[in-house]
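> First, the structure itself, so that you have it in front of you.
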Amino acid sequence: DAGVTQSPTHLIKTRGQQVTLRCSPISGHKSVSWYQQVLGQGPQFIFQYYEKEERGRGNFPDRFSARQFPNYSSELNVNALLLGDSALYLCASSPQSSSGNTIYFGEGSWLTVV
Amino acid sequence: EDQVTQSPEALRLQEGESSSLNCSYTVSGLRGLFWYRQDPGKGPEFLFTLYSAGEEKEKERLKATLTKKESFLHITAPKPEDSATYLCAVQRYSGSARQLTFGSGTQLTVLP
C-alpha cells in the first residue's frame, strides 16, 4: 500500500511569492496534519484537518492556510513567503478511529526561500 | 502548554554498546506518547505509541517504556544502521484534535 505522498519534493521560491504544497494520505485515513521542521529542531504543528474540517491550528501566522478535499487529500498554502519559511514541510495522516491512532508521515517537501 | 525535552542532544556509541534515550514531558491529559526515527532528509518513520504508564513495546533492538513523566528508548546492541535522529512526541486529549508536540530529538551515531 502507498504511504503518505507529498509533492513537490523540493522547490525554491523568492521572498514575497506564494507556494502550494500537496499531500495524499494513506488510503482510508481521514485525518491529515501539516508540520514545519526547521533544521535541528523537531516538527512543529501547523494544521490538522479531519473529515474536511479544520480541527486544530498551531501558532503560525495567517499567511499559512490549508484545506482538505472530499478525497481527503490536502493542500497547504503559504503567502508572502519570508526567508524564515525555509523548512521541511511534513504531511501526516491518521485513521483517527477507535481502532487506531498511529500517525504516519510523508517524506516532506523541502522549501527554500531566497 | 505541552513540553517535550529529549536528552542527550547527541549520542555516539560503539557497535554493540547498549544505551538509553530520554524523553521528559509535560502535558495535561496524555493521549499517547510517540517515538519516531528520522534519517537525514527524510520524513519521520513511526516506531511506537505508548498510552499509559508502565507500558512497554519492543521492535528488534529497540524497546520503549513509559512513566508518568518520561519515556525511555532503550537500544540493545546497536548497529551502524541504527544511526538516525530519534524523535519523541506527545499527544493530548483535545476533542477531535490530534496534534503532536515534538522534542528536538536525539541524534544517534553508532560507530562500527
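> Going through the stretch B:38-65 one residue at a time, which ones are within 11 Å of chain A (Cβ to nearest Cβ), open to solvent by 40 Å² or more (accessible area, probe 1.4 Å) and not in a loop (DSSP other than H, G, I, E, B)?
Listed by number, the residues that qualify are B:GLU45, B:PHE46.
> I need the full set of residues from the stretch B:67-112 which are under 14 Å from A:ILE103 (Cβ atoms), assigned to a strand (DSSP E or B) and of a type in the set (A, V, I, L, M, F, W, C), in order please.
Within the stretch B:67-112, B:LEU87, B:CYS88, B:ALA89, B:VAL90, B:PHE102 qualify.
> Could you count how many residues in the stretch A:1-23 are under 15 Å from A:TYR104 (Cα atoms) and open to solvent by 50 Å² or more (accessible area, probe 1.4 Å)?
3
> OK, next. Quickly run through the stretch B:102-112 and pick out the residues that are hydroxyl-bearing (Ser, Thr, Tyr) and more than 7 Å from chain A (Cβ to nearest Cβ).
Hits for the stretch B:102-112 are B:THR106, B:THR109.
> When you look at A:GLY42, is it free of Cβ contacts under 8 Å to residues at least 12 places away in the same chain, of a type outside the set (Ser, Thr, Tyr) and within 14 Å of chain B (Cβ to nearest Cβ), yes or no?
In short, yes.
> In the stretch A:63-111, which strands (runs of 3 or more DSSP E) lie fully inside it and hold 3 or more residues that are open to solvent by 20 Å² or more (accessible area, probe 1.4 Å) and within 14 Å of another protein chain (Cβ to nearest Cβ)?
Counting at least 3 such residues, we get no strands (runs of 3 or more DSSP E) at all.
The values are calculated or read from the model by the stated rules, or taken from the named source; none is laboratory data. All values derive from a computational prediction rather than experimental measurement. For neighbour counting, all protein chains shown are included, and Cβ atoms are generated from backbone atoms with ideal geometry for every residue, glycine included. All accessible areas refer to the heavy atoms of the entire protein, side chains included, with ligands and DNA or RNA removed. Shrake-Rupley method; radii C 1.70, N 1.55, O 1.52, S 1.80 Å.
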